[in-house]
Amino acid sequence: MSRKGLAVWALAAGLLVGAPARASGPACDLPSDFAQSARPLPALARALERGPVLILALGSGSITGPGSSGPEAAWPGRLQALLSERYPGRSIEVAVRGGRGVSVTDHLALLRESLASETPALILWQLGTVEAVRGMDPDEMTEALRRGLERIRRRGADVIVVDQQYSRFLRANSNIEPYREKLRLAAAAAGAALFPRYDLMQHWVETGAVDLERTPRPGRAAAVDKLNDCVARALAELISRGVAEAR
C-alpha cells in the first residue's frame, strides 16, 4: 500500500478512538426517501415466526466497535437489543464475523465457513471502505461480492449490503465514488437491499447530529456510541420494513 493509502487507512481506522462518555445533540433522523431502501426479507420473516433467529454482521472494523464504550455499543450489539425490543418473545442474536482491515476477499472465506456450520436468516454485509482505501479494482470487489451474494441466495438467507462510512478525509483522499456505484449496482442486480450508510452519515454530519471528525478527543467515544446507535436504529427500521413487506 502507498504512503498515502496508509495515511488514509490510519485515519479511517483512527476515527473510532476515544474514551467512554455520553454524547448529546440533535437526534439522528432519517431522510424522507430512506424507506425506498427497503426490500422484502422473507427468510427473516419466517425465522421470526419459527424460533431462534441468527443474523450475521459480516464486515471490517466498525462491526467490532473500536473506540466505543464497549462491544455492546457497537452497531451489531445495539441492533440485537433494538430488534429484541421490536420482536418481544423472540430469541435474536446478531453475531459478528470479520474485523479491522478485513476485505471482501476475506469475507468470502468467512462467509463460506459460517454458512457451512450456521443457518442465518439474514446477513448484513458491510464493505467498500477497506477496498477503496487499498485501491482494490472496483470490478474485483464487485465480482467477489457477486459470488458471495450467490452463495447466500443458495442457502436461502436474506442479505442487506451495507455501504461505506462517510468521512471528509476519506472522500478527499480516496476515489470512493466508483466503489459506491459498484455496490449499488451489485445489490440491485441481486435483488438485495442496500443500506445507505454513507449517505446517512453525511446527512447526520450536515444536520449536526453526529460528526466524528470534528468531535474533540474527550468526547470521541460518546460520539462513536451515538453513531453506532444511530446506525443500528436505521438498520432496525429497514429490517422491520423488510419483514413487514414479506408478510
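The values are calculated or read from the model by the stated rules, or taken from the named source; none is laboratory data. Since this is a predicted model, take the numbers as computed values, not measurements. Ideal geometry is used to build each Cβ from the backbone, glycine not excepted, and the neighbour counts take in all protein chains shown.
Restricting attention to segment 59-95, the residues that are surrounded by fewer than 18 Cβ atoms within 10 Å (Cβ to Cβ) and outside any loop (DSSP other than H, G, I, E, B) add up to 8. For segment 12-48, the set of residues classified as farther than 21 Å from LEU227 by Cβ, outside any loop (DSSP other than H, G, I, E, B) and either of a type in the set (A, V, I, L, M, F, W, C) or at pLDDT 95 or above (or both) consists of ALA35, PRO42, ALA43, LEU44, ALA45, ARG46, ALA47, LEU48, listed by residue number.
Of all the numbered requirements in (1) buried (at least 16 other Cβ atoms within 10 Å of the Cβ); (2) assigned to a helix (DSSP H, G or I); (3) of a type outside the set (S, T, N, Q), ALA244 misses one, and that requirement is (1). Restricting attention to segment 170-215, the residues that are part of a helix (DSSP H, G or I), of a type in the set (Ser, Thr, Tyr) and either at pLDDT below 95 or out of contact with any Pro (no Cβ under 6 Å at 6 or more places or on another chain) (or both) add up to 1.
Cβ-Cβ below 6 Å, separation at least six or inter-chain, first residue in segment 30-42 and more than 10 Å from ARG241 (Cα to Cα), second surrounded by fewer than 17 Cβ atoms within 10 Å (Cβ to Cβ): which pairs? What qualifies is PRO42/ALA246.
ASP229 meets the stated requirement of being surrounded by fewer than 24 Cβ atoms within 10 Å (Cβ to Cβ), acidic (Asp, Glu), in a helix (DSSP H, G or I) and in contact (Cβ under 8 Å) with a residue 12 or more places away in the chain. Looking across segment 100-117 at every residue that is among the small types (Gly, Ala, Ser) and either at negative phi or assigned to a helix (DSSP H, G or I) (or both), the one that is surrounded by the fewest Cβ atoms within 10 Å (Cβ to Cβ) is identified as SER117.
On the stretch given as segment 53-82, residues that are more than 13 Å from the chain's Cα centre (by Cα) and modelled with pLDDT under 95 total 8. Residues of segment 135-157 include at least one that is closer than 23 Å to VAL102 by Cα, among the β-branched types (Val, Ile, Thr) and not in a loop (DSSP other than H, G, I, E, B).
Restrict the check to segment 68-77 and report whether at least one residue is within 17 Å of ASP163 (Cα to Cα), touching a Gly at 6+ places or on another chain (Cβ under 8 Å) and hydrophobic (A, V, I, L, M, F, W, C). Scanning segment 68-77 turns up at least one residue that is within 17 Å of ASP163 (Cα to Cα), touching a Gly at 6+ places or on another chain (Cβ under 8 Å) and hydrophobic (A, V, I, L, M, F, W, C).
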